[in-house]
1. Go through the range 577-599 and give me each residue that's more than 19 Å from LYS669 (Cα to Cα) and either away from the ligand (no atom under 16 Å from the Cβ) or polar (S, T, N, Q) (or both).
2. Just a yes or no: is a residue in the range 577-597 buried (at least 23 other Cβ atoms within 10 Å of the Cβ), under 19 Å from the mean Cα position of the chain (by Cα) and of a type outside the set (Phe, Trp, Tyr)?
3. Given the criteria within 16 Å of the ligand (Cβ to nearest atom), at positive phi, open to solvent by 10 Å² or more (accessible area, probe 1.4 Å) and at pLDDT 95 or above, does GLY381 qualify?
4. Across the range 391-409, what is the total count of residues that are under 32 Å from the mean Cα position of the chain (by Cα), under 13 Å from SER469 (Cα atoms) and open to solvent by 20 Å² or more (accessible area, probe 1.4 Å)?
5. Looking at the range 521-534, can you tell me whether even one residue there is acidic (Asp, Glu), touching a residue at least 12 places away in the same chain (Cβ under 8 Å) and open to solvent by 30 Å² or more (accessible area, probe 1.4 Å)?
6. Here are the criteria: (1) crowded, with 23+ Cβ neighbours inside 10 Å; (2) more than 24 Å from LYS347 (Cα to Cα); (3) of a type in the set (A, V, I, L, M). Tell me which single one VAL460 does not satisfy.
7. Could you check, for the range 653-669, whether at least one of its residues is open to solvent by 20 Å² or more (accessible area, probe 1.4 Å), outside any helix (DSSP H, G or I) and farther than 28 Å from THR570 by Cβ?
8. Output the residues belonging to the range 28-46 that are without any contact (Cβ under 8 Å) to a residue 60 or more places away in the chain, touching a Phe, Trp or Tyr at 6+ places or on another chain (Cβ under 8 Å) and of a type outside the set (Lys, Arg).
Amino acid sequence: MITFDEKTGIFHLKNAYTSYVLQLVRNKYLLHRYWGRPLRAFRDSTPFQAIDRAFSPQPAAWPNERTFSLDVLPQEYPAYGHGDYRLPAYAVRLSNGTTVTELAYSSYKIKAGKPALRGLPAAYAKADEAETLTISLNDTKGALGIELSYTIFADQPVIARSARIINTGSQPVELLSAASFAMDFADHDFDRLSLYGGHAAERSLERVPLMHGIQETASRRGASSHQQSPFLALARREATEMSGDVYGFSLVWSGEFSFRTEVEQFGSTRVLGGINPAEFRWHLKAGESFQTPEALMTFSPDGFNGMSQAFHHIVREHIVRGRHQHALRPILVNNWEATYFDFDDEKIDKLADCAADLGIELLVLDDGWFGHRNDDNTSLGDWVINTKKLKKGLNGVADSAHRRGLKFGLWFEPEMVSEDSDLYRVHPDWTLHVPNYPASYSRHQLVLDLSREEVRDYIVTSVSKVLHSAPIDYVKWDFNRHLSEAFSAALPAERQGETKTRFVLGLYDVLERLTKAFPDILFESCSGGGGRFDAGMLYYMPQTWASDNTDAVCRLAIQSGTSMVFPPITMGAHVSVTPNHQMGRTTSMQTRAICAMAGDFGYELDITRMSDAEKQQVRDHIALYKKIRPTLQLGRFYRLLTPFAGDRNETAWEFVSEDDKQVVLMYFKTLATPATPIRTLNLQALDQEAEYELTTYLPAQRTSMDFGGEARSNLVGQCFYGDELMYSGLSVEKIDTDFAGFLWVFDRK
Ligand code: DGJ
């Protein structure tokens, strides 16, 4: 899959889906030559044109060759200071104060498989699943070595890249930035896609033209964040959901990040991404090295859908690990929106009784079970059960769930501490803070300094103690504020710029230890909803609570946006009460249920207060979900319509089972429209020659009290060939209600 031609200096990474080509030029410079559809061979039909460009300097070795300048060459990991005025991939300050280094090629290695990145989450692969090229570059004066790593996966259009910066000199070096990857496209005929949002409004898709100058998608919050996601795509202007070339980038990193694009004077585009350099510094003593996080890069000739299919595959097969990787995820009920902090044994038991009766499989006890936490002002850090609220103790609560046939789960927020906690009273210096400056509160809590080993040990010990104390099957790991005053009392002055990065590395250490020690526990990560929905967290915890916003209409956008990179099985999605607690909106139980079935399905409302008719509807939904769960959780996912396009009024999602035997189709129309055209849905990825029987149809429930959901046109029992469903399509019956949700199940004959 990876070849090197000594004569031409061409490195060609290739599989059946993509080619990525680098070239070693003048035995010194590593240039980017091609990335896209697979090529039989790269013989340079696009040779560099010798043009004397004004104000583009020549490297010292070729002073008279006025057509040779790094300023105009497409590079793979550009250095700063030798006449390339575009964004550098890395920046350093040497002990003499200079920021100039010069990279020259040194050697390469090609290995089967993919080596792990020490201390970092990264895609993993067996020897026959991937091949890895490592290219070593050295500063010509010996100050620095850089190892660039490129993995190509055997069966996906995906390249994983990262870099290691080594201080090969005898003096300390200050690393000012280190991108995970950099590369240059020859032109800028692209749109730029990113996911933006906020708390309760995560991951809306934004598509804008790529512009001259620098555009950035970034987080400076110490976490990957609700506000911007560590994802970027460059799409050809004509690209659509199903067609056109799209290049996607996603970081396996949960801290602050930056993706920058720069379109320069001659129209080429540089793109680079990695840890946000704004406040990043890393002090490298002689011999020390810094490993960047990994970037996953996908090429799709089949539009955004192709990009998402590739990301979904890599996340499912090469990022998520452990016993739950391919296991079906349980249907849960979470008490948060049911009780908030106001619960006791009796309430939880009633919830458990009702959950068992409805067919729910997991009871999750959310925030408020520890210390004396009756609101969000206290007790974070004191992971000891509050026996005033839960007189039976944790064992008692877990046992009573288990007795009812339910699994039992518990909420933690271990990276935080409340000022009103025993932990803070004993260790006030364990928080991130700047001495003599006040610390900023957010949700009235402070962030623990996970760069410190003793803090990490405390977290591992205190959480482990709870997990050992009772039979716990599931953990929700929350993170409800961003970093501020990111100073560590344990680091010397010259290392303070490392604090935010060390915080994330510390978190990874904690997660590695805990998930290894408790392999049977299903971990779900959360950050005030989906504030840390990234491939780094998914490496440790196979699912993430997608948003604190449980309103089905808002969820259509949140889940569609999230699906650009992450498969449905990674997204926690729950049915909640109406009027919805975040939006005040009333939607039918059915619309809420269908939308939540498109993720890891659960309930988050006081199910004990539902009417008998509602309970029966929930039983029916759960029974249906159990039948189609393998298709929804393990199948392939297609966006047919998204709320980011057109009048933003319609969403359609399709799931095809792994064995191609079942298809589930969902359609949502947000507002009913007058003089409405008939909507036809063209299904994707069916076998045109196979027959599919419509076995289940849930038409839109017209009001919240209309449990019948009576169909006007009912095709249940009819069989259609795949070609008809794809090319002629399936029409949706007339809709006379807002917030309509439909579901169809087809089984292949
Ligand atoms: C934020 C989470 O996203 C919610 O689901 C809930 O767990 C609260 N935190 C509890 O404080």
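The values are calculated or read from the model by the stated rules, or taken from the named source; none is laboratory data. Everything numeric here is computed off the predicted structure, so don't read it as measured data. Methodologically, a virtual Cβ is constructed for each residue, glycine included, from the backbone with ideal geometry; neighbour enumeration extends over all protein chains shown. Side chains included, ligands, DNA and RNA excluded: accessible areas come from the protein's heavy atoms. Shrake-Rupley method; radii C 1.70, N 1.55, O 1.52, S 1.80 Å.
1. GLN582 - this is the single residue of the range 577-599 that is more than 19 Å from LYS669 (Cα to Cα) and either away from the ligand (no atom under 16 Å from the Cβ) or polar (S, T, N, Q) (or both).
2. There is at least one residue in the range 577-597 that is buried (at least 23 other Cβ atoms within 10 Å of the Cβ), under 19 Å from the mean Cα position of the chain (by Cα) and of a type outside the set (Phe, Trp, Tyr).
3. Judged against the criteria, GLY381 is not a match.
4. Qualifying residue count for the region: 0.
5. Taking every residue of the range 521-534 in turn, none turns out to be acidic (Asp, Glu), touching a residue at least 12 places away in the same chain (Cβ under 8 Å) and open to solvent by 30 Å² or more (accessible area, probe 1.4 Å).
6. That leaves (1) as the condition not met.
7. Among the residues of the range 653-669, not one is open to solvent by 20 Å² or more (accessible area, probe 1.4 Å), outside any helix (DSSP H, G or I) and farther than 28 Å from THR570 by Cβ, which makes the answer no.
8. Of everything in the range 28-46, those that are without any contact (Cβ under 8 Å) to a residue 60 or more places away in the chain, touching a Phe, Trp or Tyr at 6+ places or on another chain (Cβ under 8 Å) and of a type outside the set (Lys, Arg) turn out to be TYR34, PRO38, PHE42.
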